[in-house]
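Read through the structure below, which is laid out as structure tokens, and then see the notes.
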Amino acid sequence: MTTPLSVPFDLARLCDAFEQSSGALSFYLDVESGAIERIGEETRRILYGLQEMYGADDGTLDIELALSRRDLGARVKDDLRAAHRIEAGFGARYRKVPESDSMDGYADMKTFAESSDAALRERLWRAMQGTGARARFEAILRDAPAEAARWQAYRAGRMQARVNAWLAEEGIEAAG
């Protein structure tokens, strides 16, 4: 068995990254610093274009040279540098945070609804039907502040459990 990698990450930020990760927005955990980096789909697209235009035959890219040849804003250049750094260190230094699974969220709503009183449970079940279920589900809970707080705590606990399972799969433990 290998020794877990000790990483100084912020669990709350990692949970947020799990929830926000999608096809359009990816998050990466830097296992050296514990930082969580965000890369958007547009940044990836531009980086791949730079690699096509300015990449060497061996697949490497001098990112600074490529950026000097393009008229891009400072923020875009910073994002491209980060994306290039992540791509170069992917798998070793950077680990991609998985995208949220909507079925996990649905299962959480179902389990929570089952734990509610009969009247609220019926309203929550109806809200869970079809597209936009989470928004309807949470709208119903706004009328019941105690249940809304219970839902937020339950949801946060479930997300933390998913994050902890991913960390274990990756062989990562919290430093300190």
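Scan region 1-36 residue by residue and report those that are of a type in the set (S, T, N, Q), modelled with pLDDT under 90 and closer than 15 Å to Glu173 by Cα.
Correct list: Thr2, Thr3.
Name the pairs whose Cβ atoms lie under 7 Å apart, with the first residue in region 156-169 and farther than 15 Å from Val7 by Cα and in contact (Cβ under 8 Å) with a residue 60 or more places away in the chain, the second in a helix (DSSP H, G or I) and among the aromatic types (Phe, Trp, Tyr), and 6 or more positions between them or separate chains?
The qualifying pairs are Met159/Phe18; Arg162/Phe18.
Which of the residues spanning region 89-131 are small (Gly, Ala, Ser) and part of a helix (DSSP H, G or I)?
Result: Gly89, Ser102, Gly105, Ala107, Ala113, Ala118, Ala119, Ala127.
Give all pairs with beta carbons closer than 8 Å in which a residue from region 106-133 that is of a type in the set (Ser, Thr, Tyr) meets a residue that is surrounded by fewer than 11 Cβ atoms within 10 Å (Cβ to Cβ); count only pairs at least 6 apart in sequence or on separate chains.
Final answer for the pair search is none.
Contact list please: Cβ distance under 9 Å, first residue in region 56-73 and under 13 Å from His84 (Cβ atoms), second residue in a loop (DSSP other than H, G, I, E, B) and not aromatic (Phe, Trp, Tyr), pairs at least six apart or on different chains.
Leu61/Gly55; Asp62/Gly55; Asp62/Ala56; Ala66/Gly55
May I ask you to say which residue of Ile140, Ile86 is touching a helix residue (DSSP H, G or I) at 6+ places or on another chain (Cβ under 6 Å), assigned to a helix (DSSP H, G or I), modelled with pLDDT of 95 or more and β-branched (Val, Ile, Thr)?
Of the residues listed, the single one that is touching a helix residue (DSSP H, G or I) at 6+ places or on another chain (Cβ under 6 Å), assigned to a helix (DSSP H, G or I), modelled with pLDDT of 95 or more and β-branched (Val, Ile, Thr) is Ile140.
Tell me, which helices (runs of 4 or more DSSP H) wholly within region 1-77 include 1 or more residues that are of a type in the set (S, T, N, Q) and more than 14 Å from the chain's Cα centre (by Cα)?
Per the criteria, 41-54, 63-68.
From the list Glu42, Glu37, Glu19, exactly one residue is over 20 Å from Ala161 (Cβ atoms) and in contact (Cβ under 8 Å) with a residue 12 or more places away in the chain. Which is it?
Result of the check over Glu42, Glu37, Glu19: Glu37.
The values are calculated or read from the model by the stated rules, or taken from the named source; none is laboratory data. Everything numeric here is computed off the predicted structure, so don't read it as measured data. Note that we place each Cβ from the backbone using ideal geometry, even for glycine, and neighbour counts take in every protein chain shown.
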